[in-house]
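Notes follow once the structure below has been shown.
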Amino acid sequence: MHEEIRHPCVQHKLALLRDEATGYQEFRDLAKEITMFVCYEALKGVNVRKVSVQTPLAIAQCHKIDEELVVVPILRAGIGMLDGILGLVPTARVGFVGMYRDMESKKPVAYYQRLPSESSNALYIVIDPMIATGGSTSAAIDLIKANGATHIVVVCIVTCPEGLRKIEEAHPDVKIYTAAIDDYLDERKYIVPGLGDAGDRLFGTS
Ligand code: PRP
Ligand code: URA
């Protein structure tokens, strides 16, 4: 299951994000803003409870989020999306999974994990700007499920058919929200047209 957010405001910012002339400071701001838009969609089904609020004029019947949320950035590039989602849901807990792609095999290597305990009823939101082969996100979901999570969604910025297929086959219960589904993976397993190496572009490394 996946959903591509085709809203013009998202697509406009994505055009700027993709541009090779966009430097890391602007790239960070754009990644944060796109994350807010995509997460806004990803959270549309979250549980709410009714509350009464006294306005200056009368009592308004309102709704507040009534679900424990755990955001899990995949290190390192997922950090570039964290401020964006916490801007929407500041009370979310944050867990971390560290993964890098082995240079040769392109397979994910897990190097760090710190997830909240006693949050098995929570909605887990895995964030990573890029789902290429899908290996890193799929392995991160394995770890999160092994920690007890039963309700997981993924938010990314750019993906491609191969990555979607990998996650949907391994985790058919997990919905993926993305700003773009690109064309294909090149021989280095980079997304084309993509935006290059998201971690390097976010943090000014290369
Ligand atoms: C990037 C990206 C994803 C992964 C996607 O991270 O942020 O985690 O690659 O590729 P996949 O879908 O083929 O697994 P990278 O391994 O470059 O590490 P970094 O975040 O530390 O830069
Ligand atoms: N990781 C990235 O940062 N970009 C890609 O295109 C693929 C993996």
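The conditions of being under 26 Å from Gly196 (Cα atoms), of a type in the set (A, V, I, L, M) and over 20 Å from the mean Cα position of the chain (by Cα) are not met by Met99.
Does any residue of the stretch 135-148 turn out to be among the hydrophobic types (A, V, I, L, M, F, W, C), within 16 Å of ligand 2 (Cβ to nearest atom) and at pLDDT 95 or above? Yes, the stretch 135-148 contains a residue that is among the hydrophobic types (A, V, I, L, M, F, W, C), within 16 Å of ligand 2 (Cβ to nearest atom) and at pLDDT 95 or above.
Mind checking which residues of the stretch 149-163 are out of contact with any Lys or Arg (no Cβ under 6 Å at 6 or more places or on another chain) and either away from ligand 2 (no atom under 16 Å from the Cβ) or among the hydrophobic types (A, V, I, L, M, F, W, C) (or both)? Listed by number, the residues that qualify are Ala149, Thr150, His151, Ile152, Val154, Val155, Cys156, Ile157, Val158, Cys160. For Phe203, the conditions (1) open to solvent by 10 Å² or more (accessible area, probe 1.4 Å); (2) more than 9 Å from ligand 1 (Cβ to nearest atom) all hold with the exception of (2). When we screen Leu115, Leu57, Leu123, Leu69 for residues that are open to solvent by 50 Å² or more (accessible area, probe 1.4 Å) and farther than 21 Å from Leu195 by Cβ, the only hit is Leu57.
Close Cβ contacts (under 6 Å, 6 or more residues apart or on different chains) running from residues in the stretch 52-74 that are outside any strand (DSSP E or B) to residues that are of a type outside the set (Gly, Ala, Ser) comprise Asp66/Asn47; Asp66/Val48; Asp66/Arg49; Glu67/Val46; Glu67/Asn47; Glu67/Leu123.
The values are calculated or read from the model by the stated rules, or taken from the named source; none is laboratory data. Predicted model only: the values in this text are computed from it and were never measured. No Cβ is skipped: glycine too gets one built from the backbone with ideal geometry, and neighbour counts run over all protein chains shown. Side chains are part of the model used for accessible areas, which takes the heavy atoms of the whole protein and leaves out ligands, DNA and RNA. Shrake-Rupley method; radii C 1.70, N 1.55, O 1.52, S 1.80 Å.
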